[in-house]
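Below you'll find the structure, written out as structure tokens, and then a few comments.
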Amino acid sequence: MDFSLSEERKMLQETVGRFFENNYKDIKKRGEYLKMTDGFSREFWKESSNLGVINGLVSPAFGGLGGSGEDICIIFELVGKSLCIEPFLSSGLLSSTILSSLNNPKTDLINQIIEGKLLMSFAHMEMNNRYEDHFIETKAKLEKETWKLNGSKSFVINGDSADKVIISARIEGKVNDKKGIGLFLVDNNNINNRPYNTIDGYRSTEMSFENINGELLCKDNQALKCIIKTNSAGALALSAEAVGIMQVCFDLTLDYLKTRKQFGKSIGAFQSIQHRMVDMMLEIEQVRSAVMLASSTFESNPTIRDKNVSAAKNLVGRVGKLIAEESIQLHGGIAMTWEYSVAHYAKRLIMIDHLMGDADYHRDRFKLLSSI
Amino acid sequence: MNFEYSEKDENFRIEVREWLKATLPHYLKEKVKKYQRLTKEDYELFMNNLSKKGWLAWHWPEEYGGTGWNAIEKHIFEEEIVKASAPRIVPFGVNMLGPVLIEFGSEEQKNYYLPRILNNEDWWAQGYSEPGAGSDLASLKTTAIDKGDHYLVNGQKTWTTLGHHADMIFCLVKTDLNIKPQLGISFLLIDMKSPGVEVKPIITLDGEHEVNEVWFTDVKVPKKNLVGKENEGWTYAKYLLTFERTGIAGVPNSKSALNHLKMVSRKSMKNGKPLIDDPIFSSEVAELEIDLLAMEIFNLRTVSAAAEGKAPGMESSLLKIKGTLVRQKTTELLRKALGPQALPYLPEQFDEGWNEMPIGPEYAGPIAKQYFNMRKISIYGGSNEIQKNIVAKASFGL
């Protein structure tokens with residue numbers, strides 16, 4: 001058994017880590033990026049591409065340099081540490097995962113993403129489909145050999161700045177049938193976007209469209225498999241991001257406990273506080289372990305892959321709440337302020353549980369998959 | 001044992017309810033329901049109405065213009081205000097300073113300030129916490145130096161709620177730096193318009209401005225603004241905190257939040273079915289309801305003992321802890337009930353007159369924001385950790 005990273009991956013971790021830290025020096029910098037037109041820094045995104053960060057999310061078979069579960073986790077843990085808001089998830093991971101899972105992979109588009117020239121988003125969620133892979137109301141119909149799409153998509157992260165969008169739509173059947181789903185490639189110019197910020201600082205959009213053209217990428221069983229795989233990739237990435245965030249929350253809290261003095265001593269000198277820090281440390285190690293397992297089995301068969309991803313994401317939801325709430329409580333009032341970074345880490349950590357399946361969703365999915 | 005309210009109490013409840021129905025404007029009720037930002041005028045409108053009715057000083061004895069209500073009537077009044085979706089009564093003047101002046105103020109102070117509080121003429125703020133004095137309030141650093149006919153005040157207060165609206169602030173200041181911290185503190189009334197007072201906003205994690213820093217640079221405060229005796233402010237400060245802790249369990253707020261939660265979980269869908277039909281989620285809601293049910297009785301036991309003249313002791317601390325945890329749990333389950341609908345955050349949605357289409361259901365807008373905002377309640381008013389210290393120290397004999 002060997003739980004350590006290979007030399008190559010350690011190098012990836014160091015290079016990307018240094019690059020993120022230099023560009024996200026403090027929470028004010030993030031605030032500046034957030035105020036930009038697209039809700040993130042295009043320049044930082046381009047530099048990420050030049051440095052090969054996006055490359056790290058894509059398999060060599062499609063022109064990348066990484067793409068394994070471990071690579072994804074290394075990069076997203078660092079995304080979490082710096083609280084990056086660039087489209088690593090939407091373009092870098094979700095879109096490239098779909099494009100590479102097709103019978104005829106769209107390698108040209110993947111390469112444009114890697115080069116930072118093309119932004120894409122995966123528009124799957126709808127206002128009422130919660131976290132389900134197959135619950136889809138958006139409709140697709142074939143008219144004179146052209147696919148026409150009708151409907152709306154919700155909470156599309158970085159969807160407003162995307163050039164192209166992949167939309168999941170129902171070709172036939174009832175709203176929650178597992179059959180009859182298709183994935184379509186659409187030009188974002190044809191979509192009505194209503195962009196907004198999420199409470200944790202991301203840019204998102206509500207999409208609506210009427211009779212727009214779509215290029216069919218895949219359908220039926222292949223489409224559902226593709227959605228499941230993509231959502232699992234997203235859940236794995238978010239879990240790794242959460243690990244990075246939790247560690248920062250823990251470190252900031254510990255640091256504050258050492259410096260903040262009340263009653264003539266540092267508040268960290270109180271045993272009841274120390275015990276709570278130990279609980280946090282223990283739970284973070286649990287999450288880290290579950291994420292390591294999920295990353296190492298990400299290339300296995302879908303049942304094992306999804307079961308372990310669900311274990312990790314469920315723990316992330318439960319422990320994330322503990323870490324976010326305890327970090328704020330142990331800091332006291334200062335953590336309630338916009339100016340202090342821990343509040344922003346806590347918000348992101350909590351909202352990660354609202355993306356790609358929450359703790360309840362993944363507990364239920366784990367139950368199903370572990371009984372197979 | 002009898003868990004029923006008396007007929008007299010029930011009649012009183014109806015009287016309060018009817019009055020609120022008749023006087024609370026529809027727009028204000030809607031703003032409170034939608035968690036929209038309240039202006040200074042919104043608070044004042046409600047408090048002026050209460051003042052005209054003679055109900056603003058609901059904590060005070062009758063001889064000072066108060067209601068003279070017993071603890072059960074006070075409890076009913078608090079409950080009805082929340083049920084009616086009225087703004088909260090800004091407590092700093094009427095609920096905090098008032099009782100201190102009645103007990104420790106000079107005749108001149110009582111004659112001048114109490115009627116002004118009763119008529120809602122001054123907006124008061126609380127000047128207790130400092131950057132270095134939170135849980136350990138006695139370690140405060142703001143100084144007031146004796147200059148003959150006035151004090152010269154220098155220092156900084158923080159977390160001053162609605163301080164940007166305030167005309168006056170009551171402050172704990174150090175008047176003797178050479179003795180044990182608790183012994184050198186005085187209780188001073190300071191005009192916010194005095195030269196050298198500066199209010200700086202603190203933006204909280206939900207992007208809102210409710211609390212402030214208040215800075216004092218060579219602020220002259222007349223000697224007649226000292227409450228009670230010099231260096232005995234700690235006694236008055238603690239007396240005031242016992243008033244801050246009445247109704248601290250926030251039972252009415254949690255009850256209304258629980259109803260809201262049930263509504264949201266009936267409307268939120270999970271795989272095509274209402275979320276409330278999900279056995280695990282509905283079990284969580286049920287357990288929360290059980291906690292709240294028990295806490296309501298615990299609270300009423302304390303209220304009823306207080307009505308018989310028994311001062312609440314550690315019960316206030318226990319209720320503060322449980323009350324904040326229950327309230328926070330309601331905000332957590334609300335957030336969870338929304339699923340991805342909790343993500344969008346439209347700051348302009350909380351302005352009066354906002355009439356765009358919400359993203360998703362209208363009730364979704366404030367929920368994540370409220371969850372984060374409510375993290376404060378286990379921190380302020382003596383953090384839950386401090387409450388535990390108080391209880392352990394007072395009752396275990398360890």
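Nothing in this text is a laboratory measurement; each read-out follows from the coordinates by a stated rule. Since this is a predicted model, take the numbers as computed values, not measurements. Please note: Cβ atoms are built from the backbone with ideal geometry, for glycine as well, and neighbour counts cover all protein chains shown.
Looking only at Cα atoms, what is the convex hull volume of chain B per residue, in Å³? Show your work: numbers first, answer last.
Working: hull volume 64.0 nm³, N = 398.
In chain B, the Cα convex hull volume per residue is 161 Å³.
How far, in degrees from 0 to 90, does helix A:341-352 lean away from the longest principal axis of the Cα atoms of chain A, to the nearest 10?
Roughly 40 degrees, rounded to the nearest 10.
Nearest 20 debye, what's the magnitude of the dipole of region A:134-239 about its Cα centre given +1 on Lys and Arg Cβ and -1 on Asp and Glu Cβ?
Details: 15 positive and 13 negative charges, 70 e Å.
Charge dipole, region A:134-239, about its Cα centre: 340 debye, nearest 20.
Which net charge results when you count Lys and Arg as +1 and Asp and Glu as -1 among the other residues whose beta-carbon is under 11 Å from that of B:Glu10?
Neighbourhood net charge equals -1.
Put +1 on the Cβ of every Lys and Arg and -1 on every Asp and Glu Cβ in region A:225-369; which of A:Asn314, A:Ser327, A:Ala346 then has its Cα farthest towards the positive end of the dipole?
Checked the options; the winner is A:Asn314.
Would you mind giving the mean number of other chain beta-carbons within 10 Å of the Cβ of each residue in A:122-132, as a whole number? Working shown, then result.
Details: counts 0, 0, 0, 4, 1, 7, 9, 6, 10, 4, 3.
Mean inter-chain Cβ contacts per residue within 10 Å come to 4.
May I ask what percent, to the nearest 5, of DSSP beta bridges between residues of the protein assembly as shown are antiparallel? Write down the numbers at each step before the final one.
Working: 62 of 73 bridges.
Expressed as a percentage, antiparallel bridges in the protein assembly as shown total about 85.
For chain A, take the longest principal axis of its alpha carbons; what is the angle in degrees between that and the long axis of helix A:69-82, to the nearest 10 within 0 to 90?
Roughly 60 degrees, rounded to the nearest 10.
Restricting to DSSP loop positions (anything but H, G, I, E, B) with no more than 12 other Cβ atoms inside 10 Å of their own Cβ, which trypsin sites (Lys or Arg not before Pro) remain in region A:12-60?
A:Lys25, A:Lys35
Please state the charge dipole magnitude for chain B, taken about the Cα centre, from unit charges on C-beta atoms (+1 on K and R, -1 on D and E), reported in debye and rounded to the nearest 20. All intermediate terms of the calculation are to be shown ahead of the outcome.
Details: 49 positive and 53 negative charges, 151 e Å.
Around 720 debye, computed over chain B.
Based on DSSP H runs of at least 4 residues, each adding -39500 (n - 2.57), what is the mean residue ellipticity at 222 nm of chain A after dividing by all its residues, to the nearest 500 deg cm²/dmol?
Working: 11 runs with 182 residues, N = 372.
So the calculated ellipticity at 222 nm is -16500 deg cm²/dmol.
Relative to the longest principal axis of chain B, what angle (0 to 90°, nearest 10) does the C-alpha long axis of helix B:71-83 take?
Tilt relative to chain B: about 60 degrees.
May I ask you to list the chymotrypsin sites (Phe, Trp or Tyr not before Pro) in region B:68-116 that are in a DSSP loop and have at most 13 other Cβ atoms within 10 Å of their Cβ? Provide the component values of the computation, followed by the final result.
Values: sites: B:Trp69, B:Phe77, B:Phe92, B:Phe104, B:Tyr112, B:Tyr113; in loops: B:Trp69.
Answer in residue order: no site qualifies.
Of B:Trp234, B:Tyr345, B:Thr331, which is farthest on the positive side of the dipole of the protein assembly as shown, counting Cα position, with +1 on Lys and Arg Cβ, -1 on Asp and Glu Cβ, and the Cα centre as origin?
B:Thr331
With θ set to phi - 60° and the Karplus curve 6.51 cos²θ - 1.76 cosθ + 1.60, what are the ³J(HN,Hα) couplings of region B:122-131 in order, to the nearest whole Hz, using x for Gly and Pro?
Residue by residue, region B:122-131 yields 10, 9, 9, 10, 9, x, 9, 4, 9, x Hz.
Ranking A:Cys226, B:Cys171, A:Cys218 by Cβ neighbours within 10 Å, fewest first, what do you get?
Details: A:Cys226 24, B:Cys171 27, A:Cys218 20.
Lowest count first: A:Cys218, A:Cys226, B:Cys171.
222 nm [θ] for chain B, helices only, -39500 (n - 2.57) per DSSP H run of 4+, per residue, to 500?
On the way: 12 runs with 173 residues, N = 398.
Value at 222 nm, helices only: -14000 deg cm²/dmol.
Do the alpha carbons of any pairs in A:Lys307/B:Lys369; B:Lys310/B:Lys388; A:Lys153/A:Lys178; A:Lys225/A:Lys307 sit beyond 25 Å of each other, and which pairs? Write out the running numbers ahead of the final one.
On the way: A:Lys307/B:Lys369 32 Å; B:Lys310/B:Lys388 21 Å; A:Lys153/A:Lys178 19 Å; A:Lys225/A:Lys307 15 Å.
Correct reply: A:Lys307/B:Lys369.
Once you mark the chymotrypsin sites (Phe, Trp or Tyr not before Pro) that are in a DSSP loop and have at most 15 other Cβ atoms within 10 Å, what is the longest gap between them in chain A? Walk me through the intermediate numbers first.
Numbers: sites that count: A:Phe3, A:Phe263.
My reading of the result: A:4-262 is the longest stretch.
Whose amide H sits under 5 Å from the amide H of A:Gly64, counting only residues 5 or more places off or on another chain, with H placed in the peptide plane?
Placed amide hydrogens put A:Ser59 under 5 Å from A:Gly64.
Points 7 angstrom from Cα along the Cβ direction at A:Asp220 and A:Ile372: gap in nanometres?
Going by the 7 Å Cα→Cβ label model, 2.0 nm.
May I ask for the longest run of chain B untouched by GluC sites (Glu not before Pro) that are loop-located per DSSP and have at most 14 neighbouring C-beta atoms (other than their own) within 10 Å? Walk me through the numbers before you get to the answer.
Details: sites that count: B:Glu4, B:Glu121, B:Glu308, B:Glu352, B:Glu356.
Between the exposed loop sites, the longest stretch runs B:122-307.
About the Cα centre of chain A, how large is the charge dipole given +1 on each Lys and Arg Cβ and -1 on each Asp and Glu Cβ? Please answer in debye to the nearest 20.
Numbers: 45 positive and 47 negative charges, 112 e Å.
Once rounded to the nearest 20, the dipole reads 540 debye.
Would you list B:Thr67, A:Thr230 from fewest to most Cβ contacts within 10 Å? Write down the numbers at each step before the final one.
Details: B:Thr67 18, A:Thr230 24.
Fewest-to-most ranking of B:Thr67, A:Thr230: B:Thr67, A:Thr230.
Between A:Asn158, B:Leu50, B:Tyr113, whose Cα lies farthest towards the positive end of the dipole of the protein assembly as shown when Lys and Arg beta carbons carry +1 and Asp and Glu beta carbons carry -1, centred on the Cα centre?
Going by the Cα projections, it comes out as A:Asn158.
Only counting other Cβ atoms within 10 Å, I'd like A:Lys174, B:Lys388 sorted with the fewest neighbours first. Before the final figure, lay out the partial values.
Working: A:Lys174 10, B:Lys388 14.
Going from sparsest to densest Cβ surroundings: A:Lys174, B:Lys388.
Applying the Karplus parametrisation 6.51 cos²θ - 1.76 cosθ + 1.60 with θ = phi - 60° to the phi angles of region B:136-144, what ³J(HN,Hα) value in whole Hz is obtained for each residue in order, glycine and proline being reported as x?
Running phi through 6.51 cos²θ - 1.76 cosθ + 1.60 with θ = phi - 60° gives 8, 4, 5, 8, 5, 10, 4, 10, 10 Hz.
Calculate the mean, over all residues of peptide B:374-387, of how many other protein chain Cβ atoms lie within 10 angstrom of the residue's Cβ. Provide the component values of the computation, followed by the final result.
On the way: counts 0, 8, 5, 0, 4, 9, 3, 0, 0, 4, 1, 8, 1, 0.
So the per-residue partner count for this stretch is 3.
Name the residue, out of A:Ile334, A:Ile98, A:Ile323, whose mean-square fluctuation peaks in a Gaussian network model built on chain A with Cα pairs under 10 Å.
A:Ile334
What pairs from A:Lys265/A:Lys321; B:Lys29/B:Lys270; A:Lys229/A:Lys367; A:Lys347/B:Lys40 go past 21 Å between their alpha carbons? Working shown, then result.
Details: A:Lys265/A:Lys321 29 Å; B:Lys29/B:Lys270 31 Å; A:Lys229/A:Lys367 18 Å; A:Lys347/B:Lys40 29 Å.
Exceeds cut-off: A:Lys265/A:Lys321; B:Lys29/B:Lys270; A:Lys347/B:Lys40.
Can you give the % of DSSP beta bridges in region B:101-202 that are antiparallel, to the nearest 5? Provide the component values of the computation, followed by the final result.
Working: 12 of 17 bridges.
Expressed as a percentage, antiparallel bridges in region B:101-202 total about 70.
State, as an integer percentage, the relative contact order of region A:121-219 based on alpha-carbon contacts under 8 Å between residues 6 or more apart.
Relative CO of region A:121-219 lands at 32 percent.
Could you list, in their original order, any pairs among A:Lys46/A:Lys139; B:Lys157/B:Lys229; B:Lys174/B:Lys238; A:Lys28/B:Lys376 whose Cα atoms are separated by more than 25 Å?
Working: A:Lys46/A:Lys139 35 Å; B:Lys157/B:Lys229 22 Å; B:Lys174/B:Lys238 16 Å; A:Lys28/B:Lys376 23 Å.
Beyond 25 Å between Cα atoms: A:Lys46/A:Lys139.
Rounded if a/c is under 1.5, else prolate if a/b beats b/c, else oblate: with a ≥ b ≥ c from the C-alpha gyration tensor eigenvalues square-rooted, which is chain A? Could you put the intermediate results ahead of the total?
Values: a/c = 1.75, a/b = 1.64, b/c = 1.06.
Since a/c reaches 1.5 and a/b is larger than b/c, the shape of chain A is classed as prolate.
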